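Rule-based calculations on the coordinates, nothing more; no lab input. What you see is a predicted model, and the numbers here were worked out from it, not measured in a lab. With ideal geometry, Cβ positions are generated from the backbone for all residues, glycine too; neighbour counts draw on all protein chains shown.
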Amino acid sequence: MRKQKEFQVNDGEKIIIKEFRIGDILNLQEHYSDVVARLEKAGNNVMELFAEAIKIYSEYFSECLILPAGKSPKNLLNDLSFSEIKEIYRIFSEVNSDFLGILEFVGIQETLNRQIQKIRQDARKLFVLEETT
């Protein structure tokens, strides 16, 4: 049975995250160069990168991410708190644990972990004020 989880954001708006299917991954693979180009265009700007990732996710995995009625990915992102973004990541990881386990088995997970670490470092630079002397 396909895993899915729903949770509420913004005072009751419902988001549903469903487990990837083989066809979803094949669809992404078919459009891989487009996805990479779009992410590279976002560059090191964490917010643009996250916004583009949500757009890509909703385009290529439209049946895996169900947004509240009338919400675009950009509108959703504008309304989310950082704790809600963290919850999206946690639920995504939970419902796709088997897929992520396969990635780890074939060695791709290490590359993804490096990308996630880079995003975290960029986010720290963006949101942490450095002391000036």
Task: Simple spin-label estimate for I116 and R90 in nanometres, 7 Å along Cα-Cβ - done: 1.4
Task: Separation in nanometres of the label points that stand 7 Å from Cα toward Cβ, at N27 and K41 - done: 2.0
- [ ] For segment 4-127, build the charge dipole from Cβ charges (+1 Lys, Arg; -1 Asp, Glu) around the Cα centre, then report which of I22, I91, Q4 sits farthest towards its positive end.
- [x] I91
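Determine the shape class of segment 1-74: with a ≥ b ≥ c the square roots of the Cα gyration tensor eigenvalues, call it rounded for a/c under 1.5, and otherwise prolate if a/b is greater than b/c, oblate otherwise.
oblate
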Open item on the list: What does the net charge come to around E6 if you take all other residues with beta carbon closer than 10 Å to its beta carbon, with K and R at +1 and D and E at -1?
Closed with: +3
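For a protection proxy built on the mean count of beta-carbon atoms within 10 angstrom, sort 72-84, 8-20 highest first, please. Intermediate results must be reported in sequence, preceding the final value.
Working: 72-84: 13.9, 8-20: 15.8.
Descending mean neighbour count gives 8-20, 72-84.
Once you have the Cα-Cα distance between D34 and K14, take 0.36 nm times their residue separation minus that, and quote the gain in nm to one decimal. Provide the component values of the computation, followed by the final result.
Details: separation 20, 0.36 × 20 = 7.20 nm, distance 2.93 nm.
In short, 4.3 nm is gained.
Semi-axes of the equivalent ellipsoid for segment 4-127, please: Cα gyration tensor eigenvalues, times 5, square-rooted, ordered largest first, whole Å.
Values: eigenvalues 89, 73, 46 Å².
Ellipsoid half-lengths, sorted descending, are 21, 19, 15 Å.
What does the charge dipole of segment 4-127 about its Cα centre add up to, to the nearest 20 debye, if the Cβ of each Lys and Arg holds +1 and the Cβ of each Asp and Glu holds -1?
Details: 16 positive and 20 negative charges, 82 e Å.
Magnitude of the dipole: close to 400 debye.
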Task: Rounded FRET efficiency, nearest 0.05, which uses the C-beta distance separating E59 from L103 and R0 of 30 Å - done: 0.90
